Each structure stands twice: as C-alpha cells, then as structure tokens.
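The values are calculated or read from the model by the stated rules, or taken from the named source; none is laboratory data. Predicted model, so just to flag it, every value in this text is computed and none were measured. We place every Cβ from the backbone using ideal geometry, glycine too, and count neighbours over all the protein chains shown. Remember, those area values only see protein heavy atoms, side chains included, never the ligands or the DNA or RNA. Shrake-Rupley method; radii C 1.70, N 1.55, O 1.52, S 1.80 Å.
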Amino acid sequence: MAVAYNKRTHRCGELRRPHVGQHVTLAGWVNTARDHGGMAFIDLRDHTGITQLRFTPDHAAAHELARSLHNEDVIAIEGMVVSRGEWTNPKLTTGEIEVEVTNIDVLSRCDPLPFQVNDDFEAGEDLQLRYRFLHLRRPEMQEIFRLRDRIARAIREFFHEHGFVEIETPFLTKSTPEGARDYLVPSRVRAGTFYALPQSPQLFKQLFMISGFDRYAQIVRCFRDEDLRLDRQPEFTQLDMEMAFVQREDVMDIVEACVQRIFKDALNIDIPLPLPRMTEHEATERFGIDRPDTRFGLELLDVTDLMHEVDFNVFREAIDKGGVVKCIVASGGDKLTRKFTDALAEELKGMGGAGLPLTKVAQGAGGVELQTGIAKFLQPIAAKLCQKIGAVTGDTVFFMPGTNADACKYLHHVRTRLGTILDLIPKNKWDLLWVVDFPLLTWDEEEKRWASTHHPFTAPLDEDLHMLDTDPGKVRDKAYDLVLNGTEMAGGSIRIHRKDVQTQVFRILGISDEEAKEKFEFLLDALRFGAPPHGGIAFGLDRWVMKLAQANSLRDVIAFPKTQRAMCPLTNAPSPVSKKQLDELYLALKPLPNK
RNA sequence: GGGGCCGUAGCUCAAUUGGUUAGAGUACCGGCUUGUCACGCCGGUGGUUGCGGGUUCGAAUCCCGUCGGCCUCGCCA
C-alpha cells in the first residue's frame, strides 16, 4: 500500500528508546534482509544510519512483501517503534529499538548488483568508478563528502568573515605560455581560434586587486592537462585568494588562521599557531625536498668532505664532477633485509638512479667495523664517519653520490620508504610548516633557459632584486608554500606590482617583448594604471580533504574522478564527436599514429 | 616517453609453483526457517583464466605482443 514517503517522520539513524510507542514513516534502502519464515527483519539504511524493521504475520501483506526484498531495493514503511528488550543490538546507534511495520511500499526494485554496497570488500577501482553512484552510497564515502562539505564551508565562512569578496572568473580564457599544458576549447564563432581552460585564476585575481577589491576569495575549478598521479587530477578545486597592500607575513598570518579554523570545524583538532617556517634551502638540505615530512627524522647528512679520502670510484666520480655524497642513517636493522634494500635499489634505478650503496655498522675487535655493501671501501674512515654522522652499532647507512639535486631526489625517496618500513611515521600527527625563500628561477637543463620556480608573477625579495640581471639564479622570491605531512597543501606569493620588474622577469624567462605583449598585454596594461602591492595564495581543496579524511587517493575525495589515463569510466569521457560538430568548428582530425 | 605491480565466476579471492573435471566466500535462483542483526540450513545456476600468438605431451601458471587498472620517473609556471 502506498506510503507517504514525502512525509518521513524520521531518518534511519534517529530513533531511540524515547520514541517507543510512536507511529513513524521511514524510507531508505534495504541494507540487509533476514527472512525467518514466520518473521522477517530488514535493516533500512539512509545517510544517517540503520534502523531494524520487523515484519510479522500480524500484518500479513507487509510481511509477505518484505520476504521478497533484496539488498538496495528502495522502500518506504509505516510502523510503530517498539523496544527490542533482550534483543538489543549494541552495534547500532538505534539498536535499542526496532520498527514493527504495518505497511510497506516498494518504491524501486534493485537489479543484482555489480558489487555489494553493504560489505567491506573493496571493489576494483574501475568498477567503483563505473558505478560511482553505488559506491558513493557506502557510509565511508558519505562521510568523506560530508567532511569535504565541512572543509569547504569552513573556508568560505572564514574568508567572508574576514572581509573577502567572492567573485567568479572565466573558464573560457586565454592559453598562456609557461606552466602546465592547457586544455583547449575550440571557438565556433571565431573558427580556428581556441580558448583555454584556466590552470588557475592567477591573473584575474591580480586584476581584482588592481580594480580595488582589496580582498578576494573564490573556490574554483582549475584544469591542467598533465599526467595523473595519486594526488593529481586533470580538474581539481582550489581555494584561491588575493589581498592588496600586504607583505607576505600578512598573507601567511591570515592563512594560518584559516588552517586553524579548518582543523577545528572539520575534525575538532586544535592547531597551535604560528606555524613553523623553514627556508627552501634548509628543507632541501635536511630532507632532500622542498616539502618535507617532518613527522620523523632520518635527515640527510653531507659526507662529501670525508669521501675525498675514500678510494671508491663511484663516489670519486661524483665529487670530481662537483657533486656530493650524502647519506641517511637508519636504526632498526632487522627490518632492513637484503630483499628490502635490493627492491629499494631497483626502485631507484627505475627513477633513473644508479643503485643504493650502503653499509652496516658493527662492533669489531678494534672498534667500529663496517659490514656488507661498500664496507671495504669505507673501513679506513669508519670511526671518523660514524662519529660525524652519529651512526652506532646496528645502524645501516645509505649513501647517494651525484649532483646535489639527484642525491636529494633519491635520498628523499629512500627516506620515505624507510620511514614507512621502520614504522617511524606517527598516526594522527599533523605537521604543518611554511617553506619560504625559494629561488625565483630554476635552470631548465633540457631547454637551456631559466624557468619560474613558481610562476612568472612572483615577486623577488627586495634585497635580491639587484642580482636579477647579474646572477638570476641567486635571487630568492617572496613565495610561501604550506606543507602538511610532506604534501604541498597551498602555495602563494607576493606578486610583482611594478611593470618594469615584470617586463624584466619576462625577459629573463625568454619571453620576448612581442610574446609578452601578445599573451600578457592586459596584465602589463593593468600594472601601468595604478597597481597596489598585492599577494595571495591557493589551497588545493581536494588535497586538504584527502589528508584530513586520511584517504588513499585524490580519487576517493572527488565525486566523479578520472582514471590514470584521464578517462571517466562512468560517462566514458572523453569520446569521439560527430562529423557535424567538427565541421561547425572547422576542425579535422589527423590520423592517429600506428603503434 | 621510461620503470614496476596486477588482470581467474556478477563481486572479493584461492589453485601445493607446468600436471586429473579451475575451487571457496558472497551475490543470484529454488526450498526450509518466529529473535535475527554479515542470520542459519539444504539444493542449484554461473568460467573463452582480459585478448592474440608462442614454447610444451600438457599452460591460469613460462615467453612475446596487445588492451585495461594502479604505483612511479619525466611532466605538473
């Protein structure tokens, strides 16, 4: 019989002992069905929880119908809340009661499922995405997206409370040089020309400052056509903000306050302020990367000077070429099996490395004795080495020769692996820090030119400005990256607000005056007409959700994400389009290369 | 573009390392069942071992190719 499903009296997670005796109307999905012949039970689920329904021959029509139900059928019921008495189920928040059903209405039957919604088995990820609407029905997914909502709302509220104006920026915009590959959108009205989807609203928010909005913030989608990773999707969401008349401390202060608010509202965790700060130089020297995970030690140590005395070709070559030898000292030797270190060395080779020289520290008759690996080369300086790097009996020392950048890259990987296998990474620790004073420019060896470390609009430090022409590699910038447990969560900078400096930076980047005019004339114009000093930041919202939800992948916190090959298994996008659509755009497809 | 792991029933996995008819749980179908709560019990359907080729007396297992998923380097101002 029909049930007024639009007049639900409660949700499925709400009923408690005080409701006993009430007539209620509930609706939801069949989580499980248990048929005992003369009596049947249904666990009814919605996003709030589960209520057990009881069906008996006292209400024969409802009872008969209930016995035919399957998982994920959609039903509405009327009934009376009754106490479970001795049959209380402590595993359910509603476990003290059940609903004696008098009337049931089957709203929608469910076909056999591609995977079960109500069990703990993880379906393959491609299946999850193909049937994403089912996967999102699971309580743990519901929890993630409600956390996402809390985080986004905390951010939005925070910025509105602090006088920021939310203004939208275009998605159909101009392709820019530098940076990531653009997603292009063909123009029909001006056939042969293309829009690009924004990699970020960077220039528009700078224009807002020049327009006098003073404080702007927007939660906005960004698009980058690059290869995907665990924590990289082609479209992702940023909290984008910008402030006028500020120095970088002003931006960092307000961002810190916002981060504190996010943790409080989303997880009820108190974050002490101010957050620690570290220069990019220190981060790289100590941890091998500009986004260090400071939850554990295993810091990098430079042993280049000691290795001058060592007769080991691999080290000698690196040093002769002006490189370094760095190392990591790890305790807990029994977990560092030959199998593990061999596999780690293989991983490094896969990354372009040469291998992983190592040795173990032991106690010999005459003092420190090194064993295995490259021990025989290092034995002459064993005592001196161990003293310098603080290695003691039982430790394993991992070495990496090469350019400083390579040694850092590979040892960072080694450090991360060691942290995991040695179980050094504390659970439920939230290590936030700022990394500052990046080099403004990074030398691109492949293209033999300077490239922006962040982007071309980042302001140099005032005290380094004089080196811009003479020694551009030495110039530090006014950028700041916010790092959480080794992941970059936000990045921003004070921007260039002087036209002459901006022109100079474009020139150093190899952007010709003509190209600058063609691509950025609107920005250079804006800088001519009264641009206040300004700066801002962008948070990777998806990454915040991933971190705070302790999810394994960005895909778990995006409702309809792409696979690694940038496909959507749900909609099958991207897909071919009709000849008519192409004709309207005056586009023709080239034949695909044969493999 | 490079390196690596994986692909067996609708789903999650196994198959003693190349050896009989590829199994289990779950889902699905039929039957029994009045206190279950991942209910239980009895019976049943369900397989081109991703695809193509090769080695072999014999291949899910080994080799080559290909497709797909994932991790990673490059790339991601």
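Could you tell me whether A:Leu197 is farther than 25 Å from A:Arg232 by Cβ, within 16 Å of RNA strand B (Cβ to nearest atom) and of a type in the set (A, V, I, L, M)? No. Among the conditions (1) more than 19 Å from A:Leu306 (Cβ to Cβ); (2) surrounded by 17 or more Cβ atoms within 10 Å (Cβ to Cβ); (3) at pLDDT 90 or above, A:Gly353 misses just one, which is (3).
Please pick out the residue among A:Phe158, A:Phe223 that is surrounded by 17 or more Cβ atoms within 10 Å (Cβ to Cβ) and within 16 Å of RNA strand B (Cβ to nearest atom). Matching residue, one of A:Phe158, A:Phe223: A:Phe223. Scanning segment A:228-264 for residues that are in a helix (DSSP H, G or I), hydrophobic (A, V, I, L, M, F, W, C) and closer than 11 Å to A:Gly536 by Cα gives A:Val251, A:Met252, A:Ile254, A:Val255. Within 16 Å of RNA strand B (Cβ to nearest atom) and touching a residue at least 12 places away in the same chain (Cβ under 8 Å): does that describe A:Glu347? So A:Glu347 fits the description; yes. Scanning segment A:342-383 for residues that are in contact with an Asp or Glu (Cβ under 9 Å, 6 or more places away or on another chain) and part of a helix (DSSP H, G or I) yields a total of 6. Scanning segment A:319-349 for residues that are among the hydroxyl-bearing types (Ser, Thr, Tyr) and open to solvent by less than 30 Å² (accessible area, probe 1.4 Å) yields one hit, A:Thr341.
Residues of segment A:498-519 that are within 23 Å of A:Arg248 (Cβ to Cβ), open to solvent by less than 60 Å² (accessible area, probe 1.4 Å) and either in contact (Cβ under 8 Å) with a residue 40 or more places away in the chain or charged (D, E, K, R) (or both): A:Val501, A:Gln502, A:Val505, A:Phe506, A:Ile508, A:Leu509. Remark: pairs (first residue in segment A:22-46, of a type in the set (Lys, Arg); second residue away from RNA strand B (no atom under 12 Å from the Cβ); Cβ separation under 8 Å; 6+ apart in sequence or on different chains) = A:Arg45/A:Cys12; A:Arg45/A:Gly28; A:Arg45/A:Trp29.
For segment A:81-127, the candidate set comprises residues that are closer than 16 Å to A:Arg45 by Cα and polar (S, T, N, Q); within that set, the residue that is most open to solvent (accessible area, probe 1.4 Å) is A:Thr93.
Within the set of pairs 6+ apart or on separate chains, which have a first residue in segment A:168-179 that is assigned by TED's automatic domain parsing to the domain that holds A:Glu242, a second that is within 11 Å of RNA strand B (Cβ to nearest atom) and in a loop (DSSP other than H, G, I, E, B), and C-beta atoms under 6 Å apart? Partner pairs satisfying both residue conditions: A:Thr169/A:Pro201; A:Thr173/A:Pro198; A:Ser175/A:Asp182; A:Glu178/A:Pro456; A:Gly179/A:Gln199. Restricting attention to segment A:126-136, the residues being part of a loop (DSSP other than H, G, I, E, B) and within 12 Å of RNA strand B (Cβ to nearest atom) number 1. Residue count for segment A:529-565, restricted to those that are open to solvent by less than 30 Å² (accessible area, probe 1.4 Å) and either among the aromatic types (Phe, Trp, Tyr) or more than 21 Å from A:Leu147 (Cβ to Cβ) (or both): 8.
The set of residues from segment A:236-260 being under 19 Å from the mean Cα position of the chain (by Cα) and in contact (Cβ under 8 Å) with a residue 24 or more places away in the chain comprises A:Phe236, A:Thr237, A:Gln238, A:Leu239, A:Asp240, A:Met241, A:Val255, A:Cys258, A:Val259. Which one of the conditions (1) at pLDDT below 95; (2) open to solvent by less than 30 Å² (accessible area, probe 1.4 Å); (3) in a helix (DSSP H, G or I) does A:Ala526 fail to meet, given that it meets all the rest? Checking A:Ala526 against (1) at pLDDT below 95; (2) open to solvent by less than 30 Å² (accessible area, probe 1.4 Å); (3) in a helix (DSSP H, G or I), the one that fails is (1).
Restricting to segment A:369-380, name every residue that is surrounded by 16 or more Cβ atoms within 10 Å (Cβ to Cβ), in contact with a Lys or Arg (Cβ under 9 Å, 6 or more places away or on another chain) and at negative phi. Explain how you work it out, then say what you get.
Going residue by residue through segment A:369-380, those that are surrounded by 16 or more Cβ atoms within 10 Å (Cβ to Cβ) are A:369-370, A:373-375, A:377-379.
If we keep only those that are in contact with a Lys or Arg (Cβ under 9 Å, 6 or more places away or on another chain) as well, we get A:370, A:373, A:375.
Of everything in segment A:369-380, those that are surrounded by 16 or more Cβ atoms within 10 Å (Cβ to Cβ), in contact with a Lys or Arg (Cβ under 9 Å, 6 or more places away or on another chain) and at negative phi turn out to be A:Leu370, A:Ala375.
If you take the residues in segment A:394-448 that are acidic (Asp, Glu) and under 30 Å from A:Arg338 (Cα atoms), which one is most open to solvent (accessible area, probe 1.4 Å)? Ranking the candidates gives A:Asp423 first. Taking the criterion of being open to solvent by less than 60 Å² (accessible area, probe 1.4 Å) and either over 45 Å from the mean Cα position of the chain (by Cα) or within 12 Å of RNA strand B (Cβ to nearest atom) (or both), the residues of segment A:33-47 that qualify are A:Ala33, A:Gly37, A:Gly38, A:Ala40, A:Phe41, A:Ile42, A:Asp43, A:Leu44, A:Arg45.
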